[in-house]
Amino acid sequence: MARGEIYVGDLLSEAWAAFSRNAGAFIGATALAGIGLIACALPAVVPLALADELDWHDPVGQLALSWGAGAAMAVYAELVTLGLLRMSLAALRGQQVAAGDVLRATDVVVPGLVSGLIAKAIIVFGMLACLIPGLLFACSSALTAPFVADKRLLPWPAIQASRAAAEERRLSIAITFIVAYVVVIVGAAVLCVGLLVAAPLAALMVAGLYERLWPRARPEA
């Protein structure tokens, strides 16, 4: 398929082919992601669940523990999201990948978190002001994370690059992300075990979309 052309069916087919070639690595990476998220949550979930048995009734301490666990989960989730995107891009480019690659995006975690917060704040403001601008910006900024993961762009340049790449392709981007979310939802419905396949497929679809559109970004972005 020529770069710049977007057919969701082709993206899904490409994603499945890349997953099939690297199934062990992607399943292992998704398992690592899930185990890490559980590990981040347990230090808060267990004490809070046993608060009565432990006779622990300190609301400030409980709130701090909850927020701490939430922050740890957010940072870890960003790490594995960016790592999975890098893995997906490598697989689509014919490079070898390993399960541990999902944890090797530490160099872009901070830009990823900041760019995500900026984009979400603008989307929320746009939707509160008027629904359409928020939705348009959501589509325009959808490739921010791949630009951070692949090009190591700082937050605002990554958002600008995503907007430039997405110009006049917002509908195709929206359809692609809707299909990717449906894939994840279906995977989660299969006792969550399906996520071991669904999550990598969704990441591969987003990576494939990025591969077609990133050359459209302005060089200065």
Subject >> Within-15-Å neighbourhood charge of Pro47 [Cβ basis; K, R +1; D, E -1] >> reply: -4
**OP:** Quick one: among Val183, Val45, Val110, which has the greatest mean-square fluctuation in a GNM of the chain with alpha-carbon springs under 10 angstrom?
**Re:** Val45
Subject >> Crossing angle, helix 59-92 versus the chain [Cα axis fit, 0-90 degrees, rounded to tens] >> reply: 30
Subject >> Dipole-positive endmost among Ile173, Leu50, Ile6 within the chain (Cβ charges, Cα centre) >> reply: Ile6
Subject >> At q = 0.09, 0.17, 0.20, 0.21 Å⁻¹, base-10 log of I(q)/I(0) for segment 10-145 (Debye sum, equal scatterers on each alpha carbon) >> reply: -0.40, -1.01, -1.11, -1.14
**OP:** Report the residue, chosen from Phe147, Phe19, Phe125, that carries the largest GNM mean-square fluctuation when the chain is represented by alpha-carbon nodes joined by springs under 10 Å.
**Re:** Phe125
Original post:
Which shape class applies to segment 121-221: rounded if a/c is under 1.5, otherwise prolate when a/b exceeds b/c and oblate if not, where a ≥ b ≥ c are the square roots of the Cα gyration tensor eigenvalues?
Top reply: oblate
Subject >> With at most 15 other Cβ atoms within 10 Å, longest stretch of the chain clear of loop GluC sites (Glu not before Pro) (DSSP) >> reply: 54-166
Subject >> Hull-based mean projected area of segment 19-76, where the convex hull spans the alpha carbons, in square nanometres >> reply: 4.6
**OP:** Have a look at Val184, Val75, Val124 and tell me which one the Gaussian network model of the chain (Cα, springs below 10 Å) gives the largest fluctuation.
**Re:** Val124
Subject >> Å³ per residue enclosed by the Cα convex hull of segment 54-111 >> reply: 89
**OP:** Would you mind giving the three semi-axes, in whole Å and largest first, of the ellipsoid equivalent to segment 43-84 according to its Cα gyration tensor?
**Re:** 27, 10, 4
**OP:** Return the calculated 222 nm mean residue ellipticity for the chain, to the nearest 500 deg cm²/dmol, obtained by summing -39500 (n - 2.57) across DSSP H runs with n ≥ 4 and dividing by the residue count.
**Re:** -25500 deg cm²/dmol
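All of the numbers you see were taken from the coordinates with simple rules; none came from a lab. Keep in mind that what you see is a predicted model, and the values were worked out from it rather than measured. Note: ideal-geometry Cβ built from the backbone for every residue, glycine included; neighbour counts use all protein chains shown.
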